[in-house]
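A.B. asks: Before I ask anything, here is the structure I am working with.
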Amino acid sequence: MSVVVTRFAPSPTGFLHAGNYRTAVFAYLFAKHTGGSFVLRIEDTDKERSKPEYEANILESLAWLDLPADRRYRQSDNTARYRELLEKSVAAGIAYVSKETPRNPGDREEVIRFKNPGGAVSFVDGIRGEITMDVSDLGDFVIARSFDEPVFHFAVVVDDADEGITHVIRGEDHIANTPRQILLQRALGFPLPAYAHLPLILNPDRTKLSKRKGAKALTEYRDQGMLPEAMLNYLAFLGWNPGDEREYLSRKELIEAFDLTRIQKGSAIFDEIKLLSVNQHWMRALSDEDFAARGDFQTSDPGRLRSVVPLLKERAHTFQEAREMLSGELACFFREPVLEHDKLTAKELPNCPDNMTKSALEELLELVEALPEGVSAGAVKDALMPRADAEEKKGKGGRGAILWPLRYALSGQERSPDPFTLISILGPKEAVSRIQKAIAILEG
Ligand code: GLU
């Protein structure tokens with residue numbers, strides 16, 4: 001087989017959603033799997049709707065996913081080439097300039113039409129098998145509005161041939177365009193590429209994934225703090241699998257395993273919940289150092305941040321969530337708690353004496369003072385839990401009457417990690433100082 005060349009050919013007429021990039025992922029992986037090259041073609045023939053910001057977003061998205069193109073160009077840079085071939089086509093009698101009767105204001109009086117030979121066109125699609133369509137009904141279809149304005153079909157066919165594209169991998173919505181493009185390839189004497197039309201991507205409710213239905217631009221996931229390796233992994237599995245049990249494949253493993261034969265025929269479901277769990281997997285796979293470095297965390301205490309990373313790995317599905325936790329339920333690791341007297345005593349049992357919280361905290365204080373630096377949460381629990389259990393024996397809910405004020409004294413927050421985790425990360429010294437402040441408030 002000659003060297004594979006694939007392409008991704010987005011139109012910069014809007015922000016592309018994650019599903020659109022699945023096409024780029026498949027085209028890239030297949031090219032790299034076979035040692036071939038991957039071309040990025042910006043299809044900007046629609047001058048009104050194409051916008052530089054959309055093109056910039058496409059480049060950013062591909063850079064984020066780390067799908068570098070071996071060659072990249074815009075169709076608007078190729079106008080001279082299209083003109084040359086349009087003129088040749090007309091001269092050769094493949095196409096002709098057709099006089100039109102304008103129906104609407106602004107309609108052309110002249111367009112260039114292809115002389116359609118009619119009949120049936122067949123091609124073998126790498127995913128769906130043989131597809132045959134009768135092209136007679138298409139009539140002499142328009143291939144350019146003027147010599148400088150080819151329409152989509154003509155430009156695609158010229159570019160695919162000029163770039164030596166061997167495999168056209170694109171969405172199933174383009175199946176209907178293929179016979180028209182094959183007619184043009186034949187007429188122009190171009191080689192026919194292989195085709196693989198990818199199954200649709202649906203929302204969990206089986207409606208089509210689309211911007212109109214609220215699908216997000218891919219870069220929104222980046223901004224939300226997803227890892228590109230997670231997104232790449234997720235997109236590669238939208239309609240493909242490696243044929244074994246593996247669910248999490250690195251970029252290198254994907255390139256090794258990817259193959260067009262295992263692309264499924266049925267539509268794939270874009271499920272954000274699954275995507276979040278894939279992202280969590282990749283976040284957890286980072287070393288604590290890498291996690292802290294890649295999370296874009298604004299913190300004045302990097303050492304403390306590092307010790308909080310295991311908690312973030314347990315809880316967060318995205319880095320944005322992790323950042324929110326640092327200013328929410330985990331904020332107590334980075335600032336002194338501001339305590340309210342009534343919250344300290346909020347869980348006291350009705351039948352307990354008034355000063356129960358204070359005396360319990362004093363007892364716990366002694367136990368915490370005896371803990372070594374660097375103590376694990378498990379060891380803290382072993383040291384303190386018997387005191388809480390003793391309280392539970394006195395009455396149901398007694399454990400909370402001890403653990404709540406301890407946790408609140410340490411965090412100043414209604415929600416936080418458990419007190420053992422807090423003590424282990426704060427260290428016994430800082431924990432002691434916080435407990436002492438709580439006792440002082442209860443004395444006051
Ligand atoms: N520009 C087309 C699109 O964005 C893709 C054309 C193709 O892949 O042939 O849908």
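A.B. asks: Mind jotting down the three principal axis lengths of segment 1-81 based on Cα atoms? Whole angstrom, largest first.
C.D. replies: Principal axes ranked by extent give 40, 32, 16 Å for the Cα atoms.
A.B. asks: Run the numbers for Asp271 and Leu192: contour at 0.36 nm per residue of separation, minus the present Cα-Cα distance, in nm.
C.D. replies: This chain segment gains 24.9 nm when fully extended.
A.B. asks: Oh, and also: Dipole magnitude of segment 190-349 about its Cα centre, charges +1 at Lys/Arg Cβ and -1 at Asp/Glu Cβ only, in debye to the nearest 20?
C.D. replies: My answer is approximately 720 debye.
A.B. asks: Helix-derived [θ] at 222 nm for the chain: sum -39500 (n - 2.57) over DSSP H runs of at least 4, divide by residue count, nearest 500?
C.D. replies: -14000 deg cm²/dmol
A.B. asks: State to the nearest 20 debye the size of the charge dipole of the chain about its Cα centre, where the only charges are +1 on K and R beta carbons and -1 on D and E beta carbons.
C.D. replies: Value, rounded to 20: 720 debye.
A.B. asks: When the Karplus curve 6.51 cos²θ - 1.76 cosθ + 1.60 is applied with θ = phi - 60°, which whole-Hz ³J(HN,Hα) does each residue of segment 338-343 get, with x for Gly and Pro?
C.D. replies: Values per residue, Gly and Pro as x: 10, 9, 10, 3, 5, 6 Hz.
A.B. asks: Per residue of segment 426-433, in order, report the coupling 6.51 cos²θ - 1.76 cosθ + 1.60 (Karplus, θ = phi - 60°) as ³J(HN,Hα) in whole Hz, putting x for Gly and Pro.
C.D. replies: Karplus values, whole Hz, x for Gly and Pro: 5, x, x, 4, 5, 4, 4, 4.
A.B. asks: If all Cα-Cα distances of segment 1-159 are sorted into 5 Å bins from 0 onward, what percent lands in each bin, rounded to whole numbers?
C.D. replies: In order of increasing distance, the bins hold 2, 8, 14, 15, 17, 17, 15, 9, 3, 1, 0 percent.
A.B. asks: Rounded to the nearest 0.05, what FRET efficiency do Lys115 and Asp290 give with R0 = 51 Å and r taken as the Cβ-Cβ distance? Could you check?
C.D. replies: 0.25
A.B. asks: Roughly how large, in nm² to one decimal, is the mean projection of the convex hull of the alpha-carbon atoms in the chain?
C.D. replies: Here the figure is 29.2 nm², rounded to one decimal.
A.B. asks: Here's another thing I want to ask about it. For the residue pair Asp140 and Leu367, what label-to-label distance in nm results when each label sits 7 Å from Cα along the Cα-to-beta-carbon direction?
C.D. replies: Going from the Asp140 label point to the Leu367 one covers 9.3 nm.
A.B. asks: May I ask what percent, to the nearest 5, of DSSP beta bridges between residues of the chain are antiparallel?
C.D. replies: Around 50 percent of the beta bridges assigned by DSSP in the chain are antiparallel ones.
A.B. asks: If you don't mind, there's one more thing I want to ask. Taking the number of other C-beta atoms within 10 Å as the exposure measure, put Ile255, Ile201 in order starting with the fewest.
C.D. replies: Ile255, Ile201
A.B. asks: Among Met325, Met231, rank each residue by its count of other Cβ atoms within 10 Å, from fewest to most, as a rough exposure measure.
C.D. replies: Met325, Met231
A.B. asks: Right, here's the next one. What FRET efficiency comes out for Ser300 versus Ala440 if R0 is 22 angstrom and r is the Cβ-Cβ distance? Round to the nearest 0.05.
C.D. replies: 0.25
A.B. asks: May I pose another question? How about Lys347: which lysines have a C-alpha closer than 22 Å to its C-alpha, ignoring those fewer than 8 places off in the same chain?
C.D. replies: Within the straight-line cut-off, Lys347 pairs with Lys358, Lys381, Lys393, Lys394, Lys396, Lys437.
Computed from the coordinates by the stated procedures, all read-outs in this text should not be read as laboratory data. Note that the coordinates shown come from a computational prediction; the quantities given were computed from them, not determined experimentally. Backbone-built Cβ (ideal geometry, glycine too); neighbour counts: all protein chains shown.
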